[in-house]
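Let me begin by presenting the structure, written as C-alpha cells, before commenting on it.
The values are calculated or read from the model by the stated rules, or taken from the named source; none is laboratory data. What you are looking at is a predicted structure, and each value in this text was computed from that prediction instead of being measured. Cβ coordinates were reconstructed from backbone atoms using ideal geometry, including for glycine residues, and neighbour counts include every protein chain displayed. Ligands, DNA and RNA are excluded from the accessible area calculation, which covers all protein heavy atoms including side chains. Shrake-Rupley method; radii C 1.70, N 1.55, O 1.52, S 1.80 Å.
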Amino acid sequence: MLAEGKIIKSISGFYYVLSEDVVYQCRARGVFRKRKITPLVGDLVKFEADNGTDGYIIELLPRKNELVRPPIANVEQALVVFSVKEPDLSLQLLDKFLVHIEANEIEAIICFTKMDLLTATERERLFDVASLYRSLSYPIFFLSIVEQENYAPLKAYLKDKITVVAGQSGVGKSSLLNGLDTSLQIATNEISTHLGRGKHTTRHVELLPIAGGLVADTPGFSSLDLSHFNEEDLSLYFPEMKQRREKCKFRGCTHLAEPHCAVKDALKSGEIAESRYNHYVQFFNEVKETKRRY
Ligand SMILES: Nc1nc2c(ncn2[C@@H]2O[C@H](COP(=O)(O)OP(=O)(O)O)[C@@H](O)[C@H]2O)c(=O)[nH]1
Ligand SMILES: [Mg+2]
Ligand SMILES: [Zn+2]
C-alpha cells in the first residue's frame, strides 16, 4: 500500500507517520541518508506499508518551512502563551517572541493564561494592553484552567494546521493543551531540563492530534537569541513598522535618528505604541551589541 501521511514523532531512527487516524511506525529508505536529507517531524511523506502498523518512508514532499528549535517542518502558526501572573506578564518578552515568529513567517495567536489570578481592575488594565495587540491583527485569547470558557473558540484555530506552543516555562502551556483536549494528560509543572544551547535535553519533539490539528507541546522558539538577525531587517518583524517603512525618506532608515521617518511620525501621533517602539530600539541595540562582540 502506498499512502501519504505526516510524521508526528521521531525516535531513534523510527518515524511515526499519521495517515487517516492510523499511526505507522516507519523507517526511512537508505536513499535519504545518501542524499543527507533527514525527515523532520511535520514532514508530509509518501510511505509504503505492507500491514496496518509498519512501513517505509519513500519520499518527502516539499517543505513550506523548517524551524530549527524545535526541529519541525511545515509549522503554520504558534500559540504564544503568556501568563498574566506567576510569572508576571512581560511585554518586552512578548514582543521578542512575536519578532521571532514574524521572522519565520508564521501566524501568531496570543494566549493570556491564568486570568483567574487577576482582580477586576487588573483585568481591565490587561484588556487595554491586549487591544494594542488586537489592533496589530493578532488573535487574542484570555484563558484560565479554572473557568475554561474560551477553549472552544481557540480550538477552531487549530484545525488542519501544525501549531507550535511558545512561551516561558511555568506559564501554563501544558495545562492549556490539557484543557483543549481533556483526554490528554500531559504532565504539568515540569522542571525544565533545558539548560542552554547545545545541551542535550530529554524532551523529544512530538505532534499531538488536538482539535483536528497537530500541536507541539515542545516550547517553540525556546532560544530567543537575536544574534542571527540584521538590525536593518528588524522593523520588518513589527507589522506596524513594516507597513510604514517604505514611506521613510531614507532607504535603509533605522527609525532611530533619521529625519522624515514615517515610523517616528506614527510614534508621535500615537499610531505606533511607545512600548512597541521602545522594544524595537532595545532589540536593535541588542543585535548591534552581539555583532560587535563577535
Ligand atoms: N491559577 C492558575 N494556574 C494555572 C493556570 N494554568 C496553569 N496553571 C498552573 O501553572 C503551573 C505551570 O503550568 P504548566 O502547564 O506546567 O506550565 P508550562 O511549563 O508552560 O507547561 C502549574 O502549577 C499549573 O497548575 C491557570 O489558568 N490558572
Ligand atoms: Mg509544560
Ligand atoms: Zn524610518
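Only one entry in Asp116, Asp181, Asp160 is charged (D, E, K, R) and either on the phi > 0 side of the Ramachandran plot or within 16 Å of ligand 3 (Cβ to nearest atom) (or both), namely Asp160. If a residue must be open to solvent by 40 Å² or more (accessible area, probe 1.4 Å), among the hydrophobic types (A, V, I, L, M, F, W, C) and under 25 Å from Asn104 (Cα atoms), how many such residues does segment 251-280 contain? Number of matching residues: 1. In segment 25-91, counting only strands (runs of 3 or more DSSP E) that sit wholly within it, the ones holding 3 or more residues that are outside the structural domain of Ala130 (by TED's automatic domain parsing) and more than 23 Å from the chain's Cα centre (by Cα) span 44-49, 54-60. Listed conditions (1) closer than 24 Å to Arg134 by Cβ; (2) modelled with pLDDT under 95 are all met by Gly252, apart from (1). Filtered by the rule that a residue be modelled with pLDDT of 95 or more and more than 16 Å from ligand 1 (Cβ to nearest atom), segment 213-232 gives Gly213, Leu214. All conditions but one from (1) crowded, with 19+ Cβ neighbours inside 10 Å; (2) in contact (Cβ under 8 Å) with a residue 60 or more places away in the chain; (3) more than 23 Å from the chain's Cα centre (by Cα) apply to Cys248; the one that does not is (2).
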